[in-house]
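Below is one structure, written out as structure tokens; the observations come after it.
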Protein chains: 6
Amino acid sequence: MRKDNRENNELRNINMITGYLMHPAGSVLIEFGKTRVICSVTVADEVPHWMRAQNIKGGWLTAEYQLLPSSTGDRVRRERKGVSGRTQEIQRLIGRSLRAACDLEKIPGKTIYIDCDVIDADGGTRCASISGAMTALRIAAKKLLKEGKIKENPIITDVAAVSVGILDNEAVLDLCYEEDSNAEVDMNVIMTAENEFVEVQGTAEARTFSRKQMDKMLDLAVKGNKEILEIQKKEII
Amino acid sequence: MRKDNRENNELRNINMITGYLMHPAGSVLIEFGKTRVICSVTVADEVPHWMRAQNIKGGWLTAEYQLLPSSTGDRVRRERKGVSGRTQEIQRLIGRSLRAACDLEKIPGKTIYIDCDVIDADGGTRCASISGAMTALRIAAKKLLKEGKIKENPIITDVAAVSVGILDNEAVLDLCYEEDSNAEVDMNVIMTAENEFVEVQGTAEARTFSRKQMDKMLDLAVKGNKEILEIQKKEII
Amino acid sequence: MRKDNRENNELRNINMITGYLMHPAGSVLIEFGKTRVICSVTVADEVPHWMRAQNIKGGWLTAEYQLLPSSTGDRVRRERKGVSGRTQEIQRLIGRSLRAACDLEKIPGKTIYIDCDVIDADGGTRCASISGAMTALRIAAKKLLKEGKIKENPIITDVAAVSVGILDNEAVLDLCYEEDSNAEVDMNVIMTAENEFVEVQGTAEARTFSRKQMDKMLDLAVKGNKEILEIQKKEII
Amino acid sequence: MRKDNRENNELRNINMITGYLMHPAGSVLIEFGKTRVICSVTVADEVPHWMRAQNIKGGWLTAEYQLLPSSTGDRVRRERKGVSGRTQEIQRLIGRSLRAACDLEKIPGKTIYIDCDVIDADGGTRCASISGAMTALRIAAKKLLKEGKIKENPIITDVAAVSVGILDNEAVLDLCYEEDSNAEVDMNVIMTAENEFVEVQGTAEARTFSRKQMDKMLDLAVKGNKEILEIQKKEII
Amino acid sequence: MRKDNRENNELRNINMITGYLMHPAGSVLIEFGKTRVICSVTVADEVPHWMRAQNIKGGWLTAEYQLLPSSTGDRVRRERKGVSGRTQEIQRLIGRSLRAACDLEKIPGKTIYIDCDVIDADGGTRCASISGAMTALRIAAKKLLKEGKIKENPIITDVAAVSVGILDNEAVLDLCYEEDSNAEVDMNVIMTAENEFVEVQGTAEARTFSRKQMDKMLDLAVKGNKEILEIQKKEII
Amino acid sequence: MRKDNRENNELRNINMITGYLMHPAGSVLIEFGKTRVICSVTVADEVPHWMRAQNIKGGWLTAEYQLLPSSTGDRVRRERKGVSGRTQEIQRLIGRSLRAACDLEKIPGKTIYIDCDVIDADGGTRCASISGAMTALRIAAKKLLKEGKIKENPIITDVAAVSVGILDNEAVLDLCYEEDSNAEVDMNVIMTAENEFVEVQGTAEARTFSRKQMDKMLDLAVKGNKEILEIQKKEII
């Protein structure tokens, strides 16, 4: 049993408030336990420079991620003179994950912007971001189709993300900040509604890990992502 | 009568949710009509380099302001390679205004960070930021005193801020975004609980303004700020 | 009586050397007492990116301001890795003020650059910059019209700027550096030849200020700006 | 059979020239097929600012990675105004991997710098970097111990890295650039001499992947890394 | 005979206004024909980081150079996001040249700042800067000695600088902008009062140059620098 | 006799490995004694922005230079947030020197990129870079002509570069790092195959230099460059 009385294979409480913001096409305030992230989706009539330069058809999807300064225990500095390696890695991961859910050839000439702004951080912010952004994207696509701003729905599957790890030599699901700080291994797993993997990123923090541990963590991740996909489904009916 | 049925001398609905965030010493989600800003206050055991270099006693208070990308009608870019003139002006104004409410010699060696993150922008974001930050600061001071993290309460008065303007040749109070876009003159007025001015910043947008118009705008600002100070008072009892 | 024997409502000596530089269309070396600023005006066949992007007709006017490193008592660093908030605020103020003197639709496709380089700083540099730049702009417009480089004169009024403040509880006009450092309140007022306000920016430095003090400062500013407008008029005949 | 006549589970030719550079404590020119990377190791008497600030004992190890402009088919720009997300990710990965091979408490007050400069890129540059840097680190540690510049050898195990992927629906080992460009899935696996995992980073490029494919890729990676560890061992005798 | 009626071996009119600025220890407005540069000298109680790090005794001298935006025919952009290669080269040259005139061990713990701000550019700005800065430095040293701010005079010789070039196949002295633009070869020569060389920087612009041409240019430079050294001498008596 | 047994007028061993890299059109690993530089040449179908803006015909050639971090005795930092004045000066010198060897009107619309990456630094890196880049350029031109990627050979002469200096009051050729560190004067001379000068850059390091010393240094440079031009000739047959 964990400090917060969860089983090792149990997710924290996951909640979403959809339509949280006034302006964007889709938005969600997602909670993974005490972690809270505002995910929003906007669409612009433009594609990145490199797509035009290489004459690539279709559209694009990109993501930005930010910890608000007061989202963490010690105030974190705003990244106003360049973005840290950690932030870069996370927003690249969010972007790749959501692109795996889309066929961007269906929105030629358009860029989807995913913004994930963490207002309270208690572990798992990147997974909450991806899982919340997926739902915001579903909402946005529906609205933009209705308004005629896109002709086809670019979404071809759903994605969800969850963290797993090895803590005190046991595999655990969906680590909160305190668990994450003490974990020997930390792994983020992003999956589709078809139970296929989009990303697997496992890192030895304090100790390296065996093939057996790897397998156990993957088992937990599959279970967790299935549950998150169920929660997402309820929000977008 | 205005489009939203307000009188010229009428504020929008102003609401606050205090304790909105998990980590910071004080936090408020403030609403000025549809404008929503997360204001938070954290304290660090440090003073700016220039204070140490000049051997200045006492503490410091500084502010940062940000529009979230999806807080506006068209997505606004994150300021990750340097901050725009507009953002600089606003956060300098917030900082000066809150410093006017404090005697920083009472918190030697400490810096108060004010963070104002706009999640929905509908005009008046800098005034909402100042008014909300004041309440977050009251909450933080109480908590920090109780925890012994500061010895004295640095707060010596309260400040509130409101915008006024000239729209269709009439002075109006607390402009929403649409009014602000069409206003001939735009003025932000920051005042103390003693009805003294902290800042007056009036700008001719589409037309210059007469002394008489100046006077009318100041009258409205005084009225508006008194009402905001009342609202703040209720939150911190 | 002030340290430099001026009455509270008295300006410092104001002088201008027109045609101070070899290349620009208009240039002025303006002196407000010991403060000296080189103001110059050049015109380029271009408009900012955002005007083209939004397909806005007409021309543009923008301003840049700089303290030379040796213009102040302690050498000030050059701003070579980004511009400070103070500099940003001042050059935005100069730009807005001069734009209020112009109808930029009369110079389609052109940008007027105002450069204000302070060579000696003794208080009031932003007001000297605005007042000098107005005269440099008059000179430039005349020359450019004559040379056929612009078709219409964009200038529709004149603007002047002066600082006022509360020092030892009294309202004073046109503060030098030493006065400014000790002032309780500092206010910059920009006005047109028609006695209308363009900008009013008042800041409580050491103490907040009452409505009565506000009124007195505005009175002084009106008087000072009228006198500066007279001095400008003489230079451009 | 692959285009270059390798079996799916076969590495490219791996060679190392040790002592390639004149100055650093350890250096290796490593070749993974046509990919060539200069790996070097230097040690400095300093630790990062954040370690001093948090009063953390021990030493540190950090890595930098660069593609030389002419190392790729189209000349790649130097990263002189900030480093791309890709470069950040790779050098963070190299750093974490080599730190997993060390007990940095054994070199208090010192920082090990790993520099990986790719002179010819043909796929797998990050894995070649890690595998070559490990050997350069072994050489450097020996030399520094001998010279008395470090008191204890910080190395506690060896690490090797290899890429695996899914290409035309088959799992393949050690992809060259052309294979990598066409792969459906791309995974980098870093392991220790004890066959434990340090990092597993798998990404769906063109298609998501099943649990079965994941397992096959891990099998290949284990085989490849064992062989690389053997090659490293020969170089450092 | 040249366009401006000078002989090939003739300098332009060289004038200096000393004490041109209010604050710095020494300042000069120098004119080389129509070229005008404000040179100023300030001293600070600090030495660069690298001197402290390497525990180097003595003081330092550094130089900064800037073209004001309106100093040239087409307005030149301010270098606010980093300094161009040209500016870097020039200010490094100014610094080296003035350091050659000083024994900086005589001013331990102090840094001399040379600021050269070009207000009108008509060729030869770097040579005017060096020649004017030398005189400003003489003035500053005198003043600082008198005020007891330095204990010893660091100046051990005088330096002067002049440009020479090959124009229409003839060697010419002190080129104005138009000549410089058309010159085949451009050379800057910095010399001491003892007729020794400090720097020789010759560049083939449109055509390479022979040893004979090199010799002729050096002859002219020696003549020109002797004359400039005479002019400097008169100013500092 | 020098420490390394060379006569004062003797070059170090100079070697080149041509075709050192896989991708670029031309590449050379050049050695000047222990100094080693990778020089490469690539061509792109583009010209700089300023050429298009000014509608200048023809092509362009530009150069970049870098010390690898481990190329020097103490590890040198990567220039990732802007390039130092020293690097700027060197790469501008390389660019000017190679442009003197070309008639760029013969390659309209194209830019030649010269990349010089120093892997071992032992003095004379800029001269080795220029001398090696010349040969890499010859190789690239041949290859590009053959492949039809350029229509005409832009090369009109060859350039070579060598350093000379005054060490212990004697003129010496091709200084290694230790000599360079102790030299009183340091001069770099770039020449063509016709024995004409392209650049002469002499700097007094510890002592100023006489006309006689200048002449002796030029004599040595002429001798050294002739020998380097011979070595280059052998490589490109």
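A few comments on the model shown:
- The set of residues from region C:169-205 being facing chain B (nearest Cβ under 10 Å), free of Cβ contacts under 8 Å to residues at least 60 places away in the same chain and assigned to a strand (DSSP E or B) comprises C:Val185, C:Met187, C:Val189, C:Met191, C:Phe197, C:Val200, C:Gly202, C:Thr203, C:Ala204.
- Counting the residues of region D:40-62 that are within 11 Å of another protein chain (Cβ to nearest Cβ) and of a type in the set (Gly, Ala, Ser) gives 3.
- Residue satisfying condition, being at pLDDT 95 or above, among the basic types (Lys, Arg) and closer than 21 Å to C:Phe32 by Cα, within set C:Arg77, C:Arg99, C:Arg126: C:Arg126
- A single entry from A:Asn195, A:Asn188 fulfils the requirement of being in contact with a Gly (Cβ under 9 Å, 6 or more places away or on another chain) and closer than 29 Å to A:Gly59 by Cβ: A:Asn188.
- Region D:198-235: number of residues that are crowded, with 18+ Cβ neighbours inside 10 Å, of a type in the set (Val, Ile, Thr) and under 22 Å from D:Gly33 (Cα atoms): 1
- Residue list for region C:92-109, filter: outside any helix (DSSP H, G or I) and surrounded by fewer than 18 Cβ atoms within 10 Å (Cβ to Cβ): C:Asp103, C:Pro108, C:Gly109
- When residues of region C:79-91 are limited to those that are in contact (Cβ under 8 Å) with a residue 12 or more places away in the chain and surrounded by fewer than 22 Cβ atoms within 10 Å (Cβ to Cβ), the one nearest to the other protein chains (Cβ to nearest Cβ): C:Glu79
- Residue within region B:119-129 that is within 12 Å of the chain's Cα centre (by Cα), under 25 Å from B:His49 (Cα atoms) and within 13 Å of chain A (Cβ to nearest Cβ) present: no
- Hits in region C:133-166 (condition: crowded, with 19+ Cβ neighbours inside 10 Å, in a strand (DSSP E or B) and not hydroxyl-bearing (Ser, Thr, Tyr)): C:Val159, C:Ala160, C:Ala161, C:Val162, C:Val164, C:Gly165, C:Ile166
- Among the residues examined, D:Glu230 qualifies as out of contact with any strand residue (DSSP E or B) (no Cβ under 8 Å at 6 or more places or on another chain), among the acidic types (Asp, Glu) and closer than 19 Å to D:Ile30 by Cα.
- Residues that are crowded, with 19+ Cβ neighbours inside 10 Å, in a loop (DSSP other than H, G, I, E, B) and in contact (Cβ under 8 Å) with a residue 40 or more places away in the chain, drawn from region D:12-33: D:Arg12, D:Pro24, D:Ala25, D:Gly33
- Within region F:189-237, the residues that satisfy the criterion of being among the charged types (D, E, K, R) and under 15 Å from E:Val200 (Cα atoms) are F:Glu199, F:Glu205, F:Arg207, F:Arg211, F:Lys212, F:Asp215, F:Lys216.
- Any hit, region E:210-225, residues being more than 14 Å from chain F (Cβ to nearest Cβ) and part of a helix (DSSP H, G or I): yes
- The residues of region E:1-35 that are under 18 Å from the mean Cα position of the chain (by Cα) and charged (D, E, K, R), listed by number, are E:Arg12, E:Glu31, E:Lys34.
- Region C:92-115, residues that are over 18 Å from C:Ile190 (Cβ atoms) and facing another protein chain (nearest Cβ under 9 Å): C:Tyr113, C:Asp115
- Qualifying residue in region E:72-85 (condition: over 14 Å from the mean Cα position of the chain (by Cα), among the basic types (Lys, Arg), within 27 Å of C:Thr62 (Cβ to Cβ) and outside any loop (DSSP other than H, G, I, E, B)): yes
- Every residue from region F:110-132 that is out of contact with any helix residue (DSSP H, G or I) (no Cβ under 6 Å at 6 or more places or on another chain) and either within 15 Å of D:Pro69 (Cα to Cα) or not in a helix (DSSP H, G or I) (or both): F:Lys110, F:Thr111, F:Ile112, F:Tyr113, F:Asp117, F:Gly124
- When restricted to residues that are closer than 30 Å to D:Lys142 by Cβ, small (Gly, Ala, Ser) and either touching a residue at least 60 places away in the same chain (Cβ under 8 Å) or surrounded by fewer than 22 Cβ atoms within 10 Å (Cβ to Cβ) (or both), region D:40-78 contains 5.
- All positions within region E:48-71 that are modelled with pLDDT of 95 or more, of a type in the set (A, V, I, L, M, F, W, C) and outside any strand (DSSP E or B): E:Leu68
The values are calculated or read from the model by the stated rules, or taken from the named source; none is laboratory data. Here the structure is a predicted model, which means the values were calculated and not measured. With ideal geometry, Cβ positions are generated from the backbone for all residues, glycine too; neighbour counts draw on all protein chains shown.
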